[in-house]
Structures are given as C-alpha cells and as structure tokens.
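Only the coordinates and a few stated rules stand behind these numbers; no lab work does. Everything quoted here is computed from the prediction, not taken from an experiment. Cβ placement follows ideal geometry from the backbone for every residue including glycine, while neighbour counts extend to all protein chains displayed.
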Amino acid sequence: MVKAKGRKKSPPSYDTVWEILQENAQGLRELRESQKETDRQMKESQKEYDRRINDYNKQFGDFTNRFGEVIECMVAPNLHAKFSELGYYFPRYSSVTKIDDFVNNIHFEIDVLLENGDIAMLVEIKTNLKIKDIKSHIDRLGKMRKYADLHNDNRAFLGAVAGVVIAKNVKQFAFSQGLFVVEPSGETFNITPPEGKPGEW
C-alpha cells in the first residue's frame, strides 16, 4: 500500500518573521522594565528595612543606657554596706569618676569608686556583663595603677564587676582575674569574692 506523501510546509513569510521578532523585542523591553521596577522596589524595601533597624537599635540603645543608669542608682549607694559584710570598710564612694591626665595621656572612667585610706575598689556595672567588659575593666585597673604611681598614690586597687545578667562562664572568668562579682539576688544583690586572695593593682 502506497502512503500518501504529506505536503511540505512552506517557510514563514518575511512579514511573519518580522512580527515574531518585534513581539520578542517588545517582550524583552517589558521584561527589562519589569526588572527595573522590581529592583527599585527592592531598594526601597531595603532602605525602609535599614531605617527600621537603625530606629530599633537607637531605641534599644537608649533603653539599655537608661536601664544601666537605674541599675547604677540601685547598686552604688549600697555597695559600701555589702562590702563591709566581707570585711572591707569604705567610708567614701562616688559614681562616674573620670580621670583625664593629658600630660601622661591616661584617660578612663569609673562607674563606682569606693575608697578608704589604704585601698580603693573600682566597680564596673553593666546590664549584661560580657567577657570583653571584664577585659576592659582589667585594662582600667592597670591605668588606675599607672595614674596612682605618677601621683604618689600608694593605695592598693581592687576590682569588681556587676551585672543584671551574668553567664556562668563570664562569672568564672571574672573570678579567674581576681575580681569580685556583684549580681542580683531577690530584691537586693550579693557580692561574691574570688577564690583565694583578690587581685590587687
């Protein structure tokens, strides 16, 4: 049986090809415009996101600072009484003591300074105490020793760190550096001395 031969399809006309090309070109233009609009919207969304993040960080920073100030007001006036329970008598205390020795280029700030004639206790207070805060306080105690030596101050300097939130490893690190740790306990706070002799600067 002989199969009938199919008719060969004639190639598309020039006009048809031109129409197809124009349609494709128009589609590409629309796609590019759509991509530009998508990019524009994404940039605006990113700007809005960044703005909100910056606002949040500022508000959170302000809250943390205010909270830290509240903690200082609660802790500072009672520190000397708590330290007296550990055998340290400090008749004088001051909050936010700034040292600016421009001649010797020594500059630092102490949250709470407790003093008597023989020793002084430098206390750093943080809402959430971190290891980096402890390292900064060790550096501060070293600056205090240097400043004191340059001004014929022979007192021994001790260090303490206080925090509302203190992780276990942070507390252990503070103890390993010879620092006292001040932390909340119910409606008051406790001071825990380091094992052995406290560090002296």
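Values as computed for the structure displayed
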item	result
Burial order of peptide ranges 94-102, 107-115, 142-150 (average beta-carbon count within 10 Å, highest first)	107-115, 142-150, 94-102
Which listed pairs, of LYS98/LYS197; LYS132/LYS197; LYS126/LYS146, have C-alpha distances above 26 Å, in listed order	LYS98/LYS197
Chain lengthening between SER45 and ASN169 when straightened (0.36 nm per residue, less Cα-Cα)	40.6 nm
Paired Rg and Dmax values of the range 77-192, which use every Cα atom, in angstrom	14.0, 46
Packing rank of 38-45, 81-88, where each peptide gets the mean count of other beta carbons within 10 Å, highest leading	81-88, 38-45
Chain lengthening between ARG92 and ARG145 when straightened (0.36 nm per residue, less Cα-Cα)	17.2 nm
Pair SER176, SER34: separation of 7 Å Cα→Cβ label points (nm)	5.9 nm
Rounded to the nearest 20 debye, dipole of the range 84-201 from Cβ charges on Lys, Arg, Asp, Glu	380 debye
Sorted by Cβ neighbour density within 10 Å, fewest at the top, the residues HIS80, HIS137	HIS80, HIS137
Distance in nm between pseudo-label sites at GLU23 and ARG155 (7 Å out along the Cβ direction from Cα)	9.0 nm
